[in-house]
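Notes for the one structure printed next.
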Amino acid sequence: MTNLPAEFRPRVRFAPSPTGFLHVGSARTFIFNWLFARHNNGTMILRIDDTDVERNTDASLASIFEGLQWLNLNWDEQYKQSERLNLHRQMAEAILKKGLAYRDFTPAHAGDTERSGATWLFDPGMRDLSQAESDRRAAAGEPFALRFRVPRESDREIRFTDAVYGDQAKSTADIEDFALLRSDGMPTYHLASCADDADLRITHVIRGQDHLSNTFKHILIFDAAGAPLPQFAHLPLLVAPDGTKLSKRRHGPVVSVTTYRDAGFLPEAFINFLCLLGWSPKNDREQMTRQELVEAFSLEAINRSNTVVNFKEKESVERAPSPAAFDSQAVETPGAATPYPEETFDPKALWLNAEHIRALPIDALSARLLPVVRAAGYHVDPNKMQRITPLIRERIKLLRDVLTAADLFFVDELPPYDPAELIPQKGDATLALKVLNRARDLLAHTEFTHHALDSTLRAAAQELAIKPGQMFQPVRVAVCGRKNAPPLFETLEVLGRERTLARIEKAILKLQ
């Protein structure tokens with residue numbers, strides 16, 4: 001990690017708009033900013049860009065904070081743009097006084113282009129309005145939008161070097177006189193973003209590639225305000241398997257961070273997965289801890305090409321609730337309920353999650369699984385969960401998988417199963433009954449420890465002149481309800497004598 005003097009340490013920001021849930025692409029932007037700041041001992045700033053008052057919602061703001069809090073990556077400073085409007089207007093006024101902006105009194109119309117700042121194309125006379133006439137109309141209370149006076153020299157170019165995409169250039173002839181203030185006095189995204197970046201002394205603007213075209217306008221604003229220009233770094237977009245940009249409208253909640261939380265992903269595994277979307281660490285490793293990511297991160301290792309998230313698009317769209325419905329949902333417990341099958345998610349995300357699950361100490365994993373189990377209505381104490389966890393750790397990819405991998409430990413009555421499953425290989429129902437009867441008699445007096453259970457059932461197999469597997473299968477199905485189950489002797493230890501004997505007794509009745 002870099003150890004720079006304080007005056008040279010980077011200051012970066014993540015600036016979401018509260019107009020929807022926390023998108024996975026936005027989460028990756030936050031993570032890359034966070035990693036860059038932590039790698040360089042810099043400052044991470046969270047700034048809520050909430051000046052678009054018509055689209056902001058409290059539910060969206062809550063969803064953003066839910067997602068960020070789940071990621072568990074702290075930030076150092078926090079601001080809201082709506083609380084800084086005077087700062088934005090002061091910058092706009094300063095630019096106007098320099099003659100680098102002008103008032104546009106064009107009346108708004110249905111479908112007006114004022115938001116995009118293109119109205120000047122339809123009324124170029126506003127650009128040439130005299131200062132006296134502009135002042136007179138403003139003093140009379142006539143509403144106006146404030147527009148940047150983009151230089152019109154035919155050979156003027158705006159140039160900058162992007163940390164990811166390299167040298168960039170655009171002729172000012174191709175940049176419209178964009179709005180700084182709307183006619184209601186509210187700042188536009190361009191003005192508010194630049195004013196805040198300048199005031200907060202942002203040194204690096206790390207954001208999505210879809211903002212790259214805005215950078216030329218922002219350079220004009222920084223120059224007009226006499227503010228230092230930050231270093232820009234634009235990140236490749238995340239796209240769906242069909243190549244389209246990930247969108248909540250098209251792809252539904254599968255692009256939301258909280259969907260992954262509710263499906264049972266570990267936040268550290270999800271962060272690891274997002275980092276590998278568009279970034280190639282020099283160590284060529286895929287599974288990495290948070291600290292390893294911090295140590296390895298650099299802007300130079302970010303790729304230029306868009307990155308595919310390989311979820312099952314058709315299935316996820318058909319099964320997903322509408323984005324509007326999702327915005328109002330609040331699933332409090334990870335893994336408690338989700339409409340998404342495992343196949344919905346990118347296979348690499350699932351693999352990484354399983355690897356991170358296996359890397360967790362038993363007590364830590366048990367603590368993650370316990371809320372999932374309790375949310376499903378099972379009353380399991382922490383000590384019992386600690387005993388169950390090592391038996392299923394290799395069998396789960398998502399936290400919610402505990403409900404299917406370990407359900408046999410939580411219920412008094414096993415779900416119905418086919419009695420034919422009790423019949424051992426190369427055996428019949430008579431042999432299965434003989435095995436279960438003998439097991440019931442022996443286990444009624446055997447100590448319920450791994451060694452004692454193993455010795456007793458192996459000895460019983462010898463007594464009955466059968467293979468150990470033929471002895472174990474009927475017992476396993478009787479106590480677990482299926483052949484594919486956790487290790488037998490450890491399972492019997494956790495279930496205990498009473499529950500084990502009751503289930504064997506019911507299996508005998510099934511066969512009879």
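The values are calculated or read from the model by the stated rules, or taken from the named source; none is laboratory data. These numbers were taken from a predicted model, which means no experiment stands behind them. Every residue, glycine as well, gets a Cβ built from its backbone with ideal geometry; the counts of neighbours run over all protein chains shown.
Limited to the stretch 392-417, what total is found for residues that are under 19 Å from LEU488 (Cβ atoms), loosely packed, with under 15 Cβ neighbours inside 10 Å and among the charged types (D, E, K, R)? The qualifying residues number 1. Among residues of the stretch 196-231 being among the hydrophobic types (A, V, I, L, M, F, W, C) and closer than 21 Å to HIS23 by Cβ, the one that is surrounded by the most Cβ atoms within 10 Å (Cβ to Cβ) is ILE206.
Listed here are the helices (runs of 4 or more DSSP H) enclosed by the stretch 352-441 that have at least 1 residues being within 27 Å of THR456 (Cβ to Cβ) and either free of Cβ contacts under 8 Å to residues at least 12 places away in the same chain or in contact with a strand residue (DSSP E or B) (Cβ under 6 Å, 6 or more places away or on another chain) (or both): 382-392, 407-410.
Residues that are in contact (Cβ under 8 Å) with a residue 24 or more places away in the chain and assigned by TED's automatic domain parsing to the domain that holds LEU146 number at least 3 in the following helices (runs of 4 or more DSSP H) confined to the stretch 161-277: 189-199, 214-225.
Residue by residue, here is whether (1) over 17 Å from PHE222 (Cβ atoms); (2) of a type in the set (D, E, K, R); (3) surrounded by 11 or more Cβ atoms within 10 Å (Cβ to Cβ) holds:
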| residue | (1), (2), (3) |
| --- | --- |
| SER134 | yes, no, yes |
| PHE148 | no, no, yes |
| ASP155 | yes, yes, no |
| GLU176 | yes, yes, yes |
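What do you reckon, is ALA444 touching a residue at least 60 places away in the same chain (Cβ under 8 Å) and either of a type in the set (Val, Ile, Thr) or within 18 Å of GLU490 (Cα to Cα) (or both)? So ALA444 fails the test.
When ASN33, ASN74 are checked against the criterion of being part of a loop (DSSP other than H, G, I, E, B) and of a type in the set (S, T, N, Q), ASN74 stands alone in meeting it. The number of residues in the stretch 232-271 that are small (Gly, Ala, Ser), closer than 16 Å to THR307 by Cα and surrounded by 19 or more Cβ atoms within 10 Å (Cβ to Cβ) comes to 1. Confirm whether SER17 is small (Gly, Ala, Ser), touching a strand residue (DSSP E or B) at 6+ places or on another chain (Cβ under 9 Å), outside any helix (DSSP H, G or I) and not assigned by TED's automatic domain parsing to the domain that holds MET186. Yes: the conditions hold for SER17. Considering the stretch 209-251, the residues that are small (Gly, Ala, Ser) and modelled with pLDDT under 95 include one that is farthest from PRO151 (Cα to Cα), namely ALA240.
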